[in-house]
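Participant: Structure below; questions to follow.
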Amino acid sequence: TSKVIIGSHHFVFEDEACVIPAGKQELFDSLPDDCSHLYMAINGQLAAVICIIDPLREEAPEVIEGLKKAGISKVVMMTGDSERTAASIARKVGVTEYYSEVLPEDKAKFVEEAKAQGRKVLMVGDGINDSPALSAADVGIAISDGAELAREIADITIGADDLSVMVTLKEISNGLMDKIHKNYRRIVGINGSLIVLGVTGVIQPTMSALLHNTSTLLIGMDSMKSVR
């Protein structure tokens, strides 16, 4: 009988100590980088490689660039794929920091370590393997056509048709925070001035109340404007 094993590069070549047949190294090195590879070995020798194509979303590079422009200071890719595949994808999408062959617990650990450093962490994932990290992140975003468990755990679920909605969400978030800070400065400035004017007798209490209510109304109306 023959011993047949199928698995990742780590499992086949490191755990099982399988080898590439003589004269096949060049063919092995020519395997496409943008595919996920599943290796099959028979009696300790590599017999076949299954190339699994997971097409890169066309909008992915633009989304990464858009998130950086919107204020995301650090974008990291974590995948269970091999180093070669991960490096190829990272180059295409414009990610400078990536981790390959990571386990679900590795992703969650990375998120916890980033939070311990004082970072706010946003995690995007669509599989069961992403669930621990989605739960650990400050904000977890799941893809609508991903695993049900990931959607249940995530804080936000977005449509799978176009990932650029994440950039839109970040822009809306930035706009809302800017508006909150601006309104806070306005309210403190106006009310502080009215208190000073009232205490010094420059204006009457009725006028102070009128100006206060008017400013509140105007600020409220301004807050109803679109943040984008």
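Participant: Has the stretch 47-59 got any residue that is β-branched (V, I, T), over 22 Å from I5 (Cα atoms), at pLDDT 90 or above and open to solvent by less than 50 Å² (accessible area, probe 1.4 Å)?
Facilitator: No, there is no match, as no residue in the stretch 47-59 is β-branched (V, I, T), over 22 Å from I5 (Cα atoms), at pLDDT 90 or above and open to solvent by less than 50 Å² (accessible area, probe 1.4 Å).
Participant: On to the next question. Which of (1) touching a helix residue (DSSP H, G or I) at 6+ places or on another chain (Cβ under 6 Å); (2) surrounded by 17 or more Cβ atoms within 10 Å (Cβ to Cβ); (3) at pLDDT 90 or above does S82 not meet, given it meets every other one?
Facilitator: (3)
Participant: Considering only the stretch 23-93, give the strands (runs of 3 or more DSSP E) lying wholly within it that have at least 2 residues that are farther than 15 Å from S8 by Cα.
Facilitator: Per the criteria, 76-78.
Participant: When you scan the stretch 31-46, do you find a residue that is touching a residue at least 60 places away in the same chain (Cβ under 8 Å) and more than 18 Å from the chain's Cα centre (by Cα), even just one?
Facilitator: no
Participant: Also, quick follow-up: Quick check: is even one residue across the stretch 66-73 touching a Lys or Arg at 6+ places or on another chain (Cβ under 6 Å) and more than 29 Å from L163 (Cα to Cα)?
Facilitator: No, the stretch 66-73 has no match at all.
The values are calculated or read from the model by the stated rules, or taken from the named source; none is laboratory data. Note that the structure is predicted; figures quoted are calculated from it, not measured. Glycine gets a Cβ as well: all are built from the backbone with ideal geometry, and neighbour counts include every protein chain shown. Areas reflect the complete protein model, heavy atoms only, side chains present, ligands, DNA and RNA absent. Shrake-Rupley method; radii C 1.70, N 1.55, O 1.52, S 1.80 Å.
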